[in-house]
Amino acid sequence: MLDQGAPPRTPRTEPVPAGLGTRLMRRKPVERLVAEGGQGEGGSLRRSLGLWQLTMISIGATLGTGIFVVLGEAVPKAGPAVTLSFVIAGLTALFSALSYAELAGTIPVAGSSYSYAYATMGEFVAWICGWCLVLEYGVSVAAVAVGWGEYLNELLDGTIGVTIPAALSAPPGDGGIFNLPALIVVLLAMAFLLGGARESARANTIMVCVKIAALLLFCAIGIKGFQSGNYEHFMPLGMAGVSAAGATLFFSYIGFDAASTAGEEAKNAQRDLPRAIMLSLIIVTALYVLVAAVAVGAKPWKQFSDSEAALAGIMKDVTGQTFWATLLAAGAVIAIASVVLTVLYGQTRVLFAMSRDGLVPKVFSKVHPKTGTPRANTVIVSLFCGVLAAAIPLGQLADATSIGTLFAFALVNIAVIVLRRTRPDMKRTFRVPLSPVLPILGFAFCVWMMGSLSTITWIVFGVWMAAGLVFYFCYGMRRSRLNDADARVDAPAVAEK
């Protein structure tokens, strides 16, 4: 029986841990993402990059991988229609680039699509996206580094008449034991990044200018060997071949989103990031199609092989001299080094953002107070990518990168639609035209191109994602910084009578 003389008790609520579903779907508000921008463990990133540097970062990360490295693999799949494959891959990238441009201007932080997913679709989807980015950036650094070694040998052979032995210039499975040049170029990129973002951007700008000059030189020389008969059977392997080549060549467009990883080091991120993304994609696509058209016109498509130094070989065939091929190889050595530099930069910034959120160890978000760079992060990532480059064949790396990229891009297109519906009044410096039609098309193209990849690529991707899920549930979910008051829910109030 209740004590009638006792004072009434105040109803109270008890905070209880959120359920699994709530924890997986918890979002990080845009305002909180922006407020935390630049802050790391023990220091902060420095805002030192303008529109020009941001555009050069995206071009540096993009231009070179498809033309200098993967063209020799794509032409046998599509024939002369490889130019159409470049257009299809570029169109797929364009739809996603529009979505990236809107989100980069709205959520100007490091982390790229990982951060965008965190603000729109929740922590679990963000983790999946971030894990895909780790695959995209990390593996592409290794893949491009392998191609760099091919052109270095071409340059050494044309200048001093020596080459690095196959045992030390190719990974296991490709006739080698350890790819030393690939490891060296990654370590050189690491040295630049440790000097600071501004210094790295300055070096990258110089290398990008050399890269563009080398490709224009190829077009000027290669056009002399152009034969219209090489285009008589434009699509000998049908649309399936064009699609398969396009999926492989999409690897060459992955760098356009590199500028979005610099959101916390841009002087005026909301204005400059969308512009840099779109400018870089337009310039790169135009050069890709031009160079591919000249290459196929100068050499019958059946004579292309999977040699990474395809353009240098065409220069030698057209001129009958080794000088021009050697000059192109010199440009390619510098050009591909810039890809390694900028993509490695993007990888470190994605991990920086994930670490700041607690999903990966804190060491990745420690910033050196003098240089304003995540030093430990840069060293760890560089060593990992360098060893990967020295041990894995290029073809498998390129396709693994493509599937991770396509998956991340698909999520970005969804994120634009979600943010438009949940935060329609938010300030946007760039808006995707015809939304949601273009984001839906971007998503559909990504899914379609993923379906064109080989079964082994899907198996590798599945194993990678399984490993990521194990890491998230064992580490990331428990250490997430959202495991505080905003990750709890109140129990229903129960009045004691």
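The values are calculated or read from the model by the stated rules, or taken from the named source; none is laboratory data. It should be emphasised that the depicted structure is a prediction, and the values quoted were computed from it without experimental measurement. Cβ sites come from the backbone with ideal geometry, for glycine too, and all protein chains shown count toward neighbours.
Values as computed for the structure displayed
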item	result
Filter pass, Thr455 being crowded, with 22+ Cβ neighbours inside 10 Å and β-branched (Val, Ile, Thr)	no
Single match in Val387, Val360, Val447 (criterion: farther than 30 Å from Val87 by Cα and surrounded by fewer than 23 Cβ atoms within 10 Å (Cβ to Cβ))	Val387
Any chance Phe364 is free of Cβ contacts under 8 Å to residues at least 40 places away in the same chain, under 19 Å from the mean Cα position of the chain (by Cα) and not in a loop (DSSP other than H, G, I, E, B)	yes
Count of segment 403-421 residues which are at pLDDT 90 or above, surrounded by 18 or more Cβ atoms within 10 Å (Cβ to Cβ) and either under 21 Å from Phe86 (Cβ atoms) or not hydrophobic (A, V, I, L, M, F, W, C) (or both)	3
Residue satisfying condition, being within 21 Å of Thr205 (Cα to Cα) and at pLDDT below 85, within set Gly320, Gly331, Gly346	Gly331
Gly149 being more than 19 Å from the chain's Cα centre (by Cα) and either part of a helix (DSSP H, G or I) or of a type in the set (S, T, N, Q) (or both)	yes
Asp272 vs. criteria of a type outside the set (Val, Ile, Thr) and under 28 Å from Ala81 (Cα atoms)	no
Segment 306-357, residues that are under 26 Å from the mean Cα position of the chain (by Cα) and aromatic (Phe, Trp, Tyr)	Tyr345, Phe352
Scope segment 156-192; condition crowded, with 22+ Cβ neighbours inside 10 Å and either over 30 Å from Thr373 (Cβ atoms) or touching a Phe, Trp or Tyr at 6+ places or on another chain (Cβ under 6 Å) (or both); matching residues	Ser169, Ala170, Val185
Cross-chain or 6+ apart pairs with Cβ under 8 Å, segment 305-319 first and of a type in the set (Ser, Thr, Tyr), then at pLDDT below 80	Ser305/Gly72; Ser307/Gly72; Ser307/Glu150; Ser307/Gly313; Thr319/Ala325
Whichever residue in segment 118-130 is farther than 14 Å from Ser480 by Cβ and not β-branched (Val, Ile, Thr) and, among such residues, is surrounded by the most Cβ atoms within 10 Å (Cβ to Cβ)	Cys129
Residue that is closer than 20 Å to Tyr118 by Cβ and surrounded by 24 or more Cβ atoms within 10 Å (Cβ to Cβ), where the choices are Pro424, Pro374	Pro374
Single residue of Ala276, Ala293, Ala266 found to be of a type outside the set (Lys, Arg), modelled with pLDDT of 85 or more and surrounded by fewer than 24 Cβ atoms within 10 Å (Cβ to Cβ)	Ala293
Any hit, segment 461-484, residues being under 21 Å from Thr22 (Cα atoms), at pLDDT 50 or above, among the aliphatic types (A, V, I, L, M) and touching a Gly at 6+ places or on another chain (Cβ under 9 Å)	yes
Leading residue by the ranking (modelled with the highest pLDDT) among those in segment 58-112 that are farther than 23 Å from Val447 by Cα and part of a loop (DSSP other than H, G, I, E, B)	Ile107
Residue that is surrounded by the most Cβ atoms within 10 Å (Cβ to Cβ) [pool: residues in segment 223-242 that are more than 30 Å from the chain's Cα centre (by Cα) and assigned to a helix (DSSP H, G or I)]	Asn230
